[in-house]
1. With respect to residue 151, determine if the residue is more than 11 Å from the chain's Cα centre (by Cα) and either among the β-branched types (Val, Ile, Thr) or within 16 Å of the ligand (Cβ to nearest atom) (or both).
2. Being within 16 Å of the ligand (Cβ to nearest atom) and open to solvent by less than 60 Å² (accessible area, probe 1.4 Å) narrows it down to one of 39, 61, so name that one.
3. Quick check on my filter: what residues within region 64-82 are more than 23 Å from residue 119 (Cα to Cα), open to solvent by 20 Å² or more (accessible area, probe 1.4 Å) and in contact with a helix residue (DSSP H, G or I) (Cβ under 6 Å, 6 or more places away or on another chain)?
4. Checking the condition touching a Ser or Thr at 6+ places or on another chain (Cβ under 7 Å) and outside any loop (DSSP other than H, G, I, E, B), which residue from 126, 188 passes?
5. Against the condition more than 16 Å from the ligand (Cβ to nearest atom) and either of a type in the set (A, V, I, L, M, F, W, C) or not in a strand (DSSP E or B) (or both), how does residue 120 come out, does it pass?
6. Can you confirm whether region 86-109 contains a residue that is open to solvent by 40 Å² or more (accessible area, probe 1.4 Å) and touching a Ser or Thr at 6+ places or on another chain (Cβ under 7 Å)?
7. Is there a residue being more than 15 Å from the chain's Cα centre (by Cα), open to solvent by 50 Å² or more (accessible area, probe 1.4 Å) and at pLDDT 95 or above anywhere in region 11-21?
8. Given the structure, is residue 150 acidic (Asp, Glu), out of contact with any Leu (no Cβ under 7 Å at 6 or more places or on another chain) and within 17 Å of residue 78 (Cα to Cα)?
Amino acid sequence: MILESFAVGPLACNCTLLADEQTREAIVIDPGDEVGRIHRRLTELDLKLKQILITHAHIDHVGGALKLKQLTGAPIFLNQNDLPLLKLMDAQAAWLGVDAPQTAPPDVSLTDGMIVGLDRVPAQVLHTPGHTQGSVCLHFAPIKLLVAGDTLFAGSIGRTDLPGGDFNQIIDSLHSRLLTLPDETRVLPGHGPATTIGEERQSNPFLQKH
Ligand SMILES: [Zn+2]
């Protein structure tokens, strides 16, 4: 299995590439920017892109999705509750002072409980609203990996002060959906360093019993 995670764009969104060495099938999660680099990596590794998975519709996570789709033909997956945010792309770009990327509605809605990913390394979709209404995490149980988007960070959690954000909701999502995962689950957050569920359960100030 090939697993690469690297920061893209001015907000350093962690983009994740997961692939099966035998079938050469790949998925890319959160191609927020630097699509040329992502596409080059797929070509270098001789991979065929199967799915473009988006954890939520903030510009730094979804910004390159359509371009990557146009280059590879792979479908875009995004939870439908983030469609209003997708339509706010011009406003999102203005907040950052960058040009708005072209976007298109997703090909498939990432709904709770859905199985996506690779045949030999599937992921279950966990709908974890709070950072945005359509935020999801992807749980790859066979490799004990959670791709968390902006729901959970090492030592912190996603902000809830942007449109569609709700603090009580993200806390509920974290407790009911993420803290129920095994401690040894490795977490790749949407920004910053990797962590584990156990580490965050123990020391994340937002996840302590109250
Ligand atoms: Zn975000």
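The values are calculated or read from the model by the stated rules, or taken from the named source; none is laboratory data. Everything numeric here is computed off the predicted structure, so don't read it as measured data. A quick note on method: Cβ atoms are made from the backbone with ideal geometry, for glycine too, and the neighbour counts reach across all protein chains shown. Heads up: the accessible areas ignore ligands, DNA and RNA and are worked out on the full protein's heavy atoms, side chains in. Shrake-Rupley method; radii C 1.70, N 1.55, O 1.52, S 1.80 Å.
1. Numbers: more than 11 Å from the chain's Cα centre (by Cα): no; either among the β-branched types (Val, Ile, Thr) or within 16 Å of the ligand (Cβ to nearest atom) (or both): yes.
For residue 151, the condition - more than 11 Å from the chain's Cα centre (by Cα) and either among the β-branched types (Val, Ile, Thr) or within 16 Å of the ligand (Cβ to nearest atom) (or both) - is not met.
2. Values: 39 fails: within 16 Å of the ligand (Cβ to nearest atom).
Among 39, 61, only 61 is within 16 Å of the ligand (Cβ to nearest atom) and open to solvent by less than 60 Å² (accessible area, probe 1.4 Å).
3. Result: 67, single match.
4. 188
5. Here the answer is yes, as residue 120 does meet what is asked.
6. The answer is no; no qualifying residue exists.
7. yes
8. Against the criterion (acidic (Asp, Glu), out of contact with any Leu (no Cβ under 7 Å at 6 or more places or on another chain) and within 17 Å of residue 78 (Cα to Cα)), residue 150 qualifies.
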